[in-house]
1. For the range 192-214, which residues satisfy the criterion of being touching a strand residue (DSSP E or B) at 6+ places or on another chain (Cβ under 8 Å) and either among the hydroxyl-bearing types (S, T, Y) or without any contact (Cβ under 8 Å) to a residue 40 or more places away in the chain (or both)?
2. Going by the structure shown, is Y141 of a type in the set (F, W, Y), at pLDDT 95 or above and within 23 Å of Q204 (Cβ to Cβ)?
3. Hey, can you tell me all the residues within the range 230-260 that are crowded, with 20+ Cβ neighbours inside 10 Å and more than 20 Å from the chain's Cα centre (by Cα)?
4. Going through the range 308-341 one residue at a time, which ones are part of a loop (DSSP other than H, G, I, E, B) and either modelled with pLDDT under 95 or under 28 Å from L55 (Cα atoms) (or both)?
5. Can you go through I390, I375 and tell me which one is within 19 Å of I483 (Cβ to Cβ) and surrounded by 19 or more Cβ atoms within 10 Å (Cβ to Cβ)?
6. What are the residues in the range 345-385 that are more than 16 Å from the ligand (Cβ to nearest atom), under 26 Å from G99 (Cα atoms), touching a residue at least 24 places away in the same chain (Cβ under 8 Å) and part of a helix (DSSP H, G or I), if any?
7. Considering only residues that are of a type in the set (K, R), part of a loop (DSSP other than H, G, I, E, B) and either more than 19 Å from the chain's Cα centre (by Cα) or buried (at least 20 other Cβ atoms within 10 Å of the Cβ) (or both), which ones fall in the range 261-284?
Amino acid sequence: MKYLHVLIETFIRMLKFYLGKIWSIHFTSLCYSSIVLIGFCGCHENQHEETTDFLNETFTVKAQRMEWWRDAHFGMMIHLGPYSIYGGKYRGEEIRGIGDWIMEQADIPVKEYEQVAKTFHPHSFQATEWVKLAKEAGMKYIIFTAKHHDGFSLWNSQVSQYDVDDFTEFDRDILKELSKACTRFGIKFGCYYSIMDWHHPDAQAPFYPDYSARDTQNVNFDLYVQNYMKPQLREIIGKYNPSIIWFDGEWILDWTHSYGQEMYQFIRSIKPSIIINNRVDKGRRGMQGMNLTDLAYAGDFGTPEQEILVGYSETDWESSMTMNNTWGYKESDQEWKSAQTLIYYLIDAVAKGGNYLLNVGALPDGSIPEESDQILREVGKWMKVNGEAIYGRRAYPYFKEGYHIYFTRDKSETTVYVLHTGWPGNQIELTDVVPLEGSDIYMLGYPDPLSYEYKPGSLIIHLPMSLQGENDRPCKYAYTFKIRGKRKLTEEAYPIF
Ligand code: FHN
């Protein structure tokens, strides 16, 4: 760093000298010195790349880096790729399982799948529509499948011809459009990247038809990692500036803890502020998503899938879920979760210190399924009234106070938010909240303070008769009570993972 100061000092002195002789300026030497300065900064940056050990980041540095993500709590995942074209059917037959796995589930040979990939043409993809829907739903970040297990890259990759630009007639850059729309509307942009690759000859393609073989290895796998994965990830970060890299497919035998640590260090050295999930490494306990504790695994947050963590955790985590049962589009899957169900999952996750990542399986033309759109807008209505209890809030150790009652708190621990799923009726009784003496208690969305009685171990909040009619309430499904005060932590706190 001190060399940098010296150089800048010299540069400024030279500049003053040259400016003093403005008409006889040797422009090239000035340019040269600026190139040297920039080069130094650049190489200084490169030196930074090699010297920082991101695997041993301090608690404070990580907290600063993760702050926006911990505050956001709610994101959208988007699955879109050639698998969407099949819609869950192969040669007229309904294929079991999720739509995004059709290449594996239907034993489709690479060459045959390529022919369908050539027809991939999401002409109705409107990045601003996707981002505006995410905003309307109350989501703060988007994770988009840049490369799923089928190995197809949804950007113009210089590393691969098997991408949307070279391999199809579709000549738009989806990642560029989406990252720009996210920037425009203040939504953080993230990329999903599958380690497992059913198309690459040095990855899992040779294992056809059991592409996702968990017990076979490719002797050339390191070539795939060093000469394909890393260059692709470098270009994704360089071209689209994602705030999150969401790895997946790490369960293959070829991928190791050592690769996980190498990849984490590699990604962070390119963009130190980036956030990376725990699927970059090998520590994940399956769908439960949190890391084993036998080693120090890389990755910034745990990734429960299709479930909310059973208990509270001090470790960052995010539960990813589908709105029906499939990640990639599947025509026959019409089992949509209701807005109420999704809101309850969100409340449960945030109360336990987690984030909630809700998936939309895009239609093959790149548009948003009507059902997803409608349900997300209904979730957004609830978020508009109750978002104060979600955004920027933190968890208490999760504990049971009635089946319907969840808690969040502000960072200064002076305000408690009590979220009650379903309408509480005429009153709600809490045993563990101590309101600040003389303070008012409110229900979010209702302007007047509520009457209440408090004695140690019993806070009874009365709900006015005017709210007893379903249509008189500020929202549906769940109701938030804002209390200036604190909670005693009871011994029933669930085990910390
Ligand atoms: O195999 C993938 C699946 O296709 C989907 O992408 C989900 C999303 O989190 N992750 C894996 C299943 O665990």
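1. If we filter the range 192-214 for residues that are touching a strand residue (DSSP E or B) at 6+ places or on another chain (Cβ under 8 Å), which is where we start, we get 192-197.
Matches in the range 192-214: Y192, Y193, S194.
2. When the stated conditions are applied, Y141 does not pass them.
3. Residues satisfying the conditions are I252, D254, W255, Y259.
4. Taking the range 308-341 and keeping what is part of a loop (DSSP other than H, G, I, E, B), we get 308-316, 323-338.
Result: I308, L309, V310, G311, Y312, S313, E314, T315, D316.
5. I390
6. L346, E371, D373, I375, L376, R377, E378, V379
7. Result: K282, single match.
A quick yes/no check of all residues on (1) part of a helix (DSSP H, G or I); (2) within 16 Å of the ligand (Cβ to nearest atom); (3) touching a residue at least 24 places away in the same chain (Cβ under 8 Å); (4) under 27 Å from S319 (Cβ atoms):
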site	(1), (2), (3), (4)
V219	no, no, no, no
L223	yes, no, no, no
K230	yes, no, yes, no
I245	no, yes, yes, yes
Y259	yes, no, yes, yes
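The values are calculated or read from the model by the stated rules, or taken from the named source; none is laboratory data. For clarity, every value in this text was computed on a predicted model and none was experimentally measured. No Cβ is skipped: glycine too gets one built from the backbone with ideal geometry, and neighbour counts run over all protein chains shown.
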